[in-house]
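First up is the structure itself, then whatever we jot down about it.
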2 protein chains.
Amino acid sequence: MSSRPTIKEVSKIAGVSFKTVSRVLNNEKHVSEETRRRVEEVVARLNFRPSHAARTLAGRRSFQVALLYDNPSPYYVYHIQIGAQKRCSELGYRLLLQPVDSQSPDLVSNVMALIDEAHLDGVILSPPVTEMIGLLDELDRRGLPYVRIAPGARKEAGMAATIDDVAAAREVTEHLIELGHRSIGFIRGLESHVSTWERLQGYREALEAHGIAFDEDLVAAGENSFTSGGDAARKLLERQPRPTAIFAGNDDMAAGVLAVAHESDVDVPGQLSIVGFDDSDLAKAVWPPLTTMRQPVRELAYAAANLMLAPDAEPQVMLEHKLMVRATTGPAPR
Amino acid sequence: MSSRPTIKEVSKIAGVSFKTVSRVLNNEKHVSEETRRRVEEVVARLNFRPSHAARTLAGRRSFQVALLYDNPSPYYVYHIQIGAQKRCSELGYRLLLQPVDSQSPDLVSNVMALIDEAHLDGVILSPPVTEMIGLLDELDRRGLPYVRIAPGARKEAGMAATIDDVAAAREVTEHLIELGHRSIGFIRGLESHVSTWERLQGYREALEAHGIAFDEDLVAAGENSFTSGGDAARKLLERQPRPTAIFAGNDDMAAGVLAVAHESDVDVPGQLSIVGFDDSDLAKAVWPPLTTMRQPVRELAYAAANLMLAPDAEPQVMLEHKLMVRATTGPAPR
DNA sequence: TTGCACGATGGCAGCGCTGTCAAATATGCC
DNA sequence: GGCATATTTGACAGCGCTGCCATCGTGCAA
């Protein structure tokens, strides 16, 4: 545990050239079993850790990738980080967690600066950075590998890990229809998120598949936040007759709906059913616990990291979503 | 925006030695204004970004510090990251966000490995990593600078950014006492967090200052989670007569209390007042919105990063807390 | 026996910067 | 004007590794 032993000390003690130590550290072949064991023993004993900076500088690869994010949800960011971090460290890569401002005009140049400074081997993009076409183009131009988590635009291009937002939203809506609801409000999220429109699409498809006319007045605009969900809910609940169910595009907005229901003494789920989307921490912290569509956020990030670092992986993976039926949905009244 | 111009190209084009370019990049003095301008112009034009790895290897400093965390709360982690990141990037440092397992027997050696590999200039510790004495000792031994955010143990030693947990808990309790509550339950958090005991201490002091006897039966053990808060609340509410207020050691547990109250048809705040601690995102997402003690998480992390990187800062700073009175507290019944 | 492929190792340049020292030039003061 | 001192610049080693090539030894077919 003493301070910074060098590779040369190791080689001296092990009685081999420092090049051989390097081979052992990098798991190269052409090292005899016995030599390898001896070197490893010395490395462990001295607690030797190779300098990342030196490897980066000398080698072709830095063993560093970055996860770029710009999402206001702590829950989402936290779990994306964990998933990506896990796969990276399993494969011996360092992951740089890099918040960015996807709306900044300097986005592309900031990311390029990071890539150059850190000699990145690749980047992982999470929504909404996934949609920044200018960035994708520049990454392509430079030939820098990247994966996207839940991309909306240019879905088929390159590597990506996704869920089927359309199908998931369809299932949510069908759950409500099966409970007898016919007048179902929908609160959509931020315009800039492609998933917003896909979820709306799924909602629409389910209605139509069950012979319920799509009514534009039942769609309210939200901004993914608690308050925007509440505001949208107030608008929807003004209608006569009022909808018996509301499907919110994410859990934060659903929590907003729930608060408005409490405020207005609307019983949930007796008079109003509510469904969210994400299954964030919030879903189990509100009362009653929220029925919501589980999105496997960690697993998406894990899969994305794997796509980028495991050479033989299929370039696109789609993960399963799952409806979590809890206590905010029930049979339609009357 | 093309790929990796080198410092030598820059120097050739600017017509100076590459050492001079290095001086400009590092903002050293002894460079004439005219030369500086010329070099900067070329740097900007070529979009040159110095290699971090090379600087680290050649220089004494890496301009890299790490933030170590091991906290189950996405909210907390998210905001700590933002605060620390902000100050680091303002000062030209890269911040490595590093989750660790503070319970692992390898904690110390894992952290030392990180320090060696990345040539860290320092580390920022957040709770509960702040309490790992073995780690602190080893950092001291190696002379590696570190700051702690909200440390419990060895408070006075070294650099730290904190709030006054005892005073904050006292204020929370006093708020309830002023509302007429005399039977106030307290749900404490994880035993391993020092703040748990400080908050209990503040609760106790306030009671005693107002001539209310401290009753051990009114203290329930929680584990900082939503469910543990609910369990503790059920126990407290069994008592006859039952407490008219509950002070939970954090917002997650307070949300659990709130859910139990809803479940048992106990009106909040009519029959039961509830206060949390943290002012996390949750506080405004539950219904009714939670009265809670605001902890300036971001600012703490910002201040911590500043302590470590700004050479002349006072080694200890204490930031202000603030009681956020929302809708879960009201006058005591009867 | 010779020849040759291949496994195991070592030697050395060089990645792109910073630190140190020395040299060249400018400035100040008696 | 002359010398001391400060400012500006350059030369060069070397940080700790990897990539490439050379070298040595061994087993095996001819």
Which of the following residues is more than 14 Å from DNA strand D (Cβ to nearest atom), touching a residue at least 24 places away in the same chain (Cβ under 8 Å) and aliphatic (A, V, I, L, M): A:Ala44, A:Ala14, A:Ala113, A:Ala84?
-> A:Ala84
Residues satisfying the stated conditions in segment A:5-40, i.e. open to solvent by less than 90 Å² (accessible area, probe 1.4 Å) and out of contact with any helix residue (DSSP H, G or I) (no Cβ under 9 Å at 6 or more places or on another chain) | A:Ser32
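Looking only at strands (runs of 3 or more DSSP E) that lie completely in segment A:250-334, which have at least 2 residues being closer than 25 Å to B:Val257 by Cβ? Working first, answer last.
Numbers: elements: A:273-278, A:291-294, A:316-318, A:322-324.
Result: A:273-278, A:291-294.
For (1) more than 14 Å from A:Met293 (Cβ to Cβ); (2) without any contact (Cβ under 8 Å) to a residue 60 or more places away in the chain, each residue gets a yes or a no:
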site: A:Lys155; (1), (2): yes, yes
site: A:Ala169; (1), (2): no, no
site: A:Ile184; (1), (2): yes, no
site: A:Ser192; (1), (2): yes, no
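Checking the structure you have, find out if any residue of segment A:124-146 is in contact with a strand residue (DSSP E or B) (Cβ under 6 Å, 6 or more places away or on another chain) and open to solvent by 10 Å² or more (accessible area, probe 1.4 Å). Write out each step before concluding.
Step one: list which residues in segment A:124-146 are in contact with a strand residue (DSSP E or B) (Cβ under 6 Å, 6 or more places away or on another chain), which gives A:124-126, A:129-130, A:139, A:145-146.
Then keep just the ones that are open to solvent by 10 Å² or more (accessible area, probe 1.4 Å); that gives A:145-146.
Yes: one or more hits.
Looking only at segment A:1-26, count every residue that is among the hydroxyl-bearing types (Ser, Thr, Tyr), away from chain B (no Cβ under 14 Å) and not in a helix (DSSP H, G or I) and tell me the total. First the steps, then the outcome.
Taking segment A:1-26 first, the residues among the hydroxyl-bearing types (Ser, Thr, Tyr) are A:2-3, A:6, A:11, A:17, A:20, A:22.
Those left that are additionally away from chain B (no Cβ under 14 Å): A:11, A:17, A:20, A:22.
Keeping just the survivors that are not in a helix (DSSP H, G or I) gives A:17.
So the answer is 1.
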Among the residues of segment A:156-177, which ones are outside any loop (DSSP other than H, G, I, E, B) and under 19 Å from A:Ala305 (Cα atoms)?
-> A:Met159, A:Ala160, A:Ala161, A:Thr162
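Going by the conditions given, is B:Ser192 open to solvent by 50 Å² or more (accessible area, probe 1.4 Å) and of a type in the set (S, T, N, Q)? Reasoning before the result, please.
On the way: open to solvent by 50 Å² or more (accessible area, probe 1.4 Å): yes; of a type in the set (S, T, N, Q): yes.
Taking the combined requirement at face value, the residue satisfies it.
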Yes/no for A:Lys29 being assigned to a helix (DSSP H, G or I) and of a type in the set (Lys, Arg) = no
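Can you find even one residue in segment A:73-88 that is within 23 Å of A:Asp281 (Cα to Cα), crowded, with 19+ Cβ neighbours inside 10 Å and β-branched (Val, Ile, Thr)? First the steps, then the outcome.
First, the residues of segment A:73-88 that are within 23 Å of A:Asp281 (Cα to Cα): A:73-87.
Checking which are crowded, with 19+ Cβ neighbours inside 10 Å leaves us with A:73-81, A:83-85, A:87.
Okay, now just the ones that are also β-branched (Val, Ile, Thr), so A:77, A:80.
Checked against the condition, which is being within 23 Å of A:Asp281 (Cα to Cα), crowded, with 19+ Cβ neighbours inside 10 Å and β-branched (Val, Ile, Thr), segment A:73-88 yields at least one hit.
Can you confirm whether A:Arg55 is open to solvent by 60 Å² or more (accessible area, probe 1.4 Å), away from DNA strand C (no atom under 11 Å from the Cβ), out of contact with any Gly (no Cβ under 8 Å at 6 or more places or on another chain) and among the charged types (D, E, K, R)?
Values: open to solvent by 60 Å² or more (accessible area, probe 1.4 Å): yes; away from DNA strand C (no atom under 11 Å from the Cβ): no; out of contact with any Gly (no Cβ under 8 Å at 6 or more places or on another chain): yes; among the charged types (D, E, K, R): yes.
No.
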Failed item in (1) away from chain A (no Cβ under 12 Å); (2) out of contact with any Asp or Glu (no Cβ under 9 Å at 6 or more places or on another chain), with B:Asp279 passing the rest = (2)
Being among the small types (Gly, Ala, Ser) and within 14 Å of chain A (Cβ to nearest Cβ) is the filter; apply it to segment B:282-317 and report the residue that is farthest from B:Thr328 (Cα to Cα).
-> B:Ala301
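Considering only segment A:238-249, I want to know if a residue exists there that is free of Cβ contacts under 8 Å to residues at least 12 places away in the same chain and over 18 Å from A:Leu290 (Cα atoms). Walk me through it before giving the result.
Residues of segment A:238-249 free of Cβ contacts under 8 Å to residues at least 12 places away in the same chain: A:238, A:240.
This time we only want the ones that are over 18 Å from A:Leu290 (Cα atoms), so: A:238, A:240.
Yes, segment A:238-249 contains at least one residue that is free of Cβ contacts under 8 Å to residues at least 12 places away in the same chain and over 18 Å from A:Leu290 (Cα atoms).
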With the checklist (1) open to solvent by less than 60 Å² (accessible area, probe 1.4 Å); (2) among the hydrophobic types (A, V, I, L, M, F, W, C); (3) under 30 Å from B:Val129 (Cβ atoms); (4) more than 9 Å from DNA strand C (Cβ to nearest atom) in hand, flag the one item B:Leu91 doesn't pass.
-> (1)
Spot the failing condition for B:Arg37; the list is (1) more than 30 Å from B:Val129 (Cβ to Cβ); (2) part of a loop (DSSP other than H, G, I, E, B); (3) modelled with pLDDT of 90 or more; (4) not β-branched (Val, Ile, Thr), and only one is missed.
-> (2)
Residues satisfying the stated conditions in segment B:178-215, i.e. of a type in the set (Gly, Ala, Ser) and outside any loop (DSSP other than H, G, I, E, B) | B:Gly185, B:Ser195, B:Gly202, B:Ala206, B:Ala209
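Determine if segment B:291-309 includes at least one residue that is basic (Lys, Arg) and within 21 Å of B:Gly185 (Cα to Cα). Steps first, answer last, please.
So in segment B:291-309, the residues basic (Lys, Arg) come out as B:294, B:298.
Remaining after also requiring within 21 Å of B:Gly185 (Cα to Cα): B:294.
Checked against the condition, which is being basic (Lys, Arg) and within 21 Å of B:Gly185 (Cα to Cα), segment B:291-309 yields at least one hit.
I want to confirm something. Restricting to segment B:41-50 and keeping residues that are within 13 Å of B:Leu25 (Cβ to Cβ) and open to solvent by 20 Å² or more (accessible area, probe 1.4 Å), which single residue is nearest to DNA strand C (Cβ to nearest atom)?
Initial filter on segment B:41-50 (within 13 Å of B:Leu25 (Cβ to Cβ)): B:42-44, B:46, B:48-50.
Checking which are open to solvent by 20 Å² or more (accessible area, probe 1.4 Å) leaves us with B:43-44, B:46, B:49-50.
Details: B:Val43: 10, B:Ala44: 15, B:Leu46: 11, B:Arg49: 7, B:Pro50: 4 Å.
Residue satisfying both the conditions and the ranking: B:Pro50.
Looking at A:Ala233, is it hydrophobic (A, V, I, L, M, F, W, C), at pLDDT 95 or above and surrounded by 20 or more Cβ atoms within 10 Å (Cβ to Cβ)?
Details: hydrophobic (A, V, I, L, M, F, W, C): yes; at pLDDT 95 or above: yes; surrounded by 20 or more Cβ atoms within 10 Å (Cβ to Cβ): yes.
Taking the combined requirement at face value, the residue satisfies it.
The values are calculated or read from the model by the stated rules, or taken from the named source; none is laboratory data. As the structure is a prediction and not an experimental result, all values here were calculated from the model. All Cβ positions, glycine included, derive from the backbone under ideal geometry; neighbour counts span all protein chains shown. Surface areas here come from the heavy atoms of the whole protein model, side chains and all, with no ligands, DNA or RNA. Shrake-Rupley method; radii C 1.70, N 1.55, O 1.52, S 1.80 Å.
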